[in-house]
Amino acid sequence: MRLLMPRERLASVREITPAWLKERGLRGLIVDLDNTLVPYGAPPPPPAELASWKQELDRAGVPLAIVSNARRERTRRWAEALGVPGWGLAGKPLPLAIRRAARALGLKPGEIAVVGDQLFTDVLGANLAGCYSVLVEPIEPRGGLPHTRWIRGLERRLLNSHFRSPNQATSPKRGFLYWNC
């Protein structure tokens, strides 16, 4: 069960700043694409707020990569638009692409936050890879593929039964789920 639990929950990927990473001893960032970084299916170029967030990471020397289950071409276009490495059709929750991205960033998995909007792909993949898992609210919670919408219902039930609020992922209602990694 704990492999499905994020280390933290945030409202948006843009809440992750260089200072936020430093406070947790993290040096790099791997993000999911659809409904984490941009709305599902949105084409490049990045909106102003995303470009500004990326510039803040760049100024602080924080490396960023995209690991997505989206099509390779879509992921490649976004990776190029942001000037970062990217892996599409990543096969999450299998940790292979996350580990490959960590190596490309020159960091160990324990030095990286992996951020996504789904428990069964992003959080599970991050935890299996040994990274710091962060669950964010989906940009468009009702959008996406039919199987994604169905799985979101399962995720909501699981999260609601174990956590009080998005910022309390390390303080579950039930003590048996608490772990200190």
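The values are calculated or read from the model by the stated rules, or taken from the named source; none is laboratory data. Quick caveat: nothing in here was measured; it's all calculated off a predicted structure. Neighbour counts are summed over all protein chains in view; Cβ atoms, including those assigned to glycine, are modelled from backbone coordinates with ideal geometry.
Annotations
- From the list A19, A42, the one residue that fits, being free of Cβ contacts under 8 Å to residues at least 12 places away in the same chain and closer than 16 Å to W78 by Cβ, is A42.
- Meeting the requirement of 1 or more residues that are at pLDDT 95 or above, the helices (runs of 4 or more DSSP H) wholly within the range 90-181 are 96-105, 124-129.
- Only listed residue being of a type in the set (A, V, I, L, M), touching a residue at least 40 places away in the same chain (Cβ under 8 Å) and closer than 14 Å to I112 by Cα, chosen from L10, L4, L29, L33: L29
- Residues of the range 29-77 satisfying the condition of being surrounded by 13 or more Cβ atoms within 10 Å (Cβ to Cβ) and among the basic types (K, R): K54, R72, R74, R76, R77
- Every residue from the range 15-43 that is of a type in the set (D, E, K, R) and within 11 Å of the chain's Cα centre (by Cα): D32, D34
- Counting the residues of the range 35-49 that are more than 20 Å from D122 (Cα to Cα) and of a type in the set (A, V, I, L, M) gives 1.
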